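See below for the structure under consideration.
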Amino acid sequence: MERYGKEGLAALLPWPDAEANKYSRGRLILFAGSSVYPGAACLAASASQQAGAGYTEVYTAPRAVQVVQVFRPSLVVRSWEGINHEELQATQQKRPCAYVVGPGFDLEKSSTASLTYIVLGKAKAPVLIDGGALSALNSAAGRTLCKNRVADGFPTIITPHAGEAEGLLVGTNVLFNDLPVVARELSARYSAVTVLKGPVTYVSDGYEVFALSQGTPALAKAGTGDVLAGIIGAFLAQGLDPFDAAILGTSLHAEAGCLAAAALTLLCVTAEDVIEYLPEAIRALAPARR
């Protein structure tokens, strides 16, 4: 697709105008982390700020709240205990917002599915489902909620790796020897844009499939998926079309990984390094905006 060449991607970058404020630049609301994996919330939230979100708010497990607060004071951090749908912000023309659900969720906790269903059912805004929240989708309730979101005009993105994709397609006849077909089937089954992560990442809306192969094995480290979720979520929060947000976010994530590897070696790159090199990836895409 020509629109996803370098110039096309650069044109998608949501540069703030002179009258921008933290709300007009997009509010990203994350349901992320857990008492055992608080770092996932930290990584996704930090990545979203580097990717331009004007206001990042984190709902996390009660025992993880202080960890996330100390990690980055500019984040707004709350416990998700007792959350109800009336607290969920709706996206507005001058105050866009989006949600990311699942990075660092503890699959052994029963709250995982209920939190996922609350956001899918009640958030009147784009939603990205990642990590531990993906397991809640492969049910009649999960698929119905995703389908209803389309009818209501609110997009969903799912970001599984291959193992998670297999779980999402249990009970179907889809074969995993053709990953573009897998990505397309995931999108059709869950009424979502799919980012099927791997050495080659496939993005599909159920019709088109776009392959991104510019990544690096340096990204095969714990936490890099949380970073990707935060980047794509930030672009959703800034009003990008979900397919565009997925392609731009995945491309910049890959480029940041390559730049980090060039500086630090393939062996040494961490998820934190990918966040640190994200500004360099953006500069490389749009050097005129330095």
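The values are calculated or read from the model by the stated rules, or taken from the named source; none is laboratory data. Owing to the predicted nature of the structure, the values given are computational and were not obtained by experimental measurement. When we count neighbours, we look across all protein chains shown, and the Cβ atoms used for this are built from the backbone with ideal geometry, even at glycine. Keep in mind that these areas ignore ligands, DNA and RNA; they rest on the heavy atoms of the full protein, side chains included. Shrake-Rupley method; radii C 1.70, N 1.55, O 1.52, S 1.80 Å.
Values for this structure:
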item	result
Computed over the chain: relative contact order in percent, which uses C-alpha pairs under 8 Å that are six or more apart	19
Accessible-area composition of the range 124-213, carbon plus sulfur, in percent [1.4 Å probe]	55
Förster radius 22 Å - calculated FRET efficiency between Ala151 and Glu208, Cβ distance, rounded to 0.05	0.55
Unit charges at the beta carbon, dipole of the chain: most positive-side option, Leu240, Asn138, Gly26	Gly26
Net length gained if the chain between Ala18 and Ala141 were fully extended (0.36 nm per residue, minus Cα distance)	39.9 nm
Sparsely packed trypsin sites (Lys or Arg not before Pro) within the range 1-109, loop by DSSP, other Cβ within 10 Å at most 14	Lys22, Lys94
Value at 222 nm in deg cm²/dmol, rounded to 500, when DSSP H runs of n ≥ 4 in the chain each add -39,500 (n - 2.57)	-13500 deg cm²/dmol
Exposure rule at most 15 other beta-carbon atoms within 10 Å, DSSP loop GluC sites (Glu not before Pro): the chain longest free segment	109-207
Mean separation of Cα contacts under 8 Å, 6 or more apart, over the residue count of the range 88-135: relative contact order %	51
Amide H contacts of Leu266 (H built 1.01 Å from N, under 5 Å, at least 5 apart or other chain)	none
DSSP bridge orientation in the chain - percent antiparallel, rounded to nearest 5	25
Å² per residue, accessible surface of the chain at 1.4 Å	45
Counted charge near Leu168, where neighbours are those whose Cβ lies closer than 11 Å (Asp, Glu -1; Lys, Arg +1)	-1
20 Å Cα cut-off, lysine pairs counted over the range 1-156 (separation 8 or more, or different chains)	5
Anisotropy class of the range 166-245 from Cα gyration tensor, a/c 1.5 cut	oblate
Linear extension gain, Leu267 paired with Arg72, 0.36 nm per residue minus alpha-carbon span	67.5 nm
Charged-residue dipole, Cβ positions (Lys, Arg, Asp, Glu), the chain about Cα centre, Debye nearest 20	500
Within the accessible area of the range 223-290 (1.4 Å probe), percent carbon and sulfur	56
Kyte-Doolittle mean at least 0.5 and Cα axial length at least 24 Å: DSSP H helices in the chain	242-264
Listed residues Gly257, Gly215, Gly167, most fluctuating in the chain (Gaussian network, C-alpha, under 10 Å)	Gly167
Top of Ala165, Ala188, Ala262 by mean-square fluctuation, Gaussian network on the chain, Cα under 10 Å	Ala262
Environment charge of Asn21, counting only residues whose C-beta is closer than 13 Å and scoring Lys/Arg +1, Asp/Glu -1	+3
Options Val67, Pro16, Pro103, ranked by Cα towards positive dipole end of the range 15-109, top entry (Cβ charges)	Pro16
The range 76-91 and the range 96-114: distance between their alpha carbon centers, rounded to Å	12
Distant-in-sequence amide H partners of Lys124 (H built 1.01 Å from N, under 5 Å)	Thr91
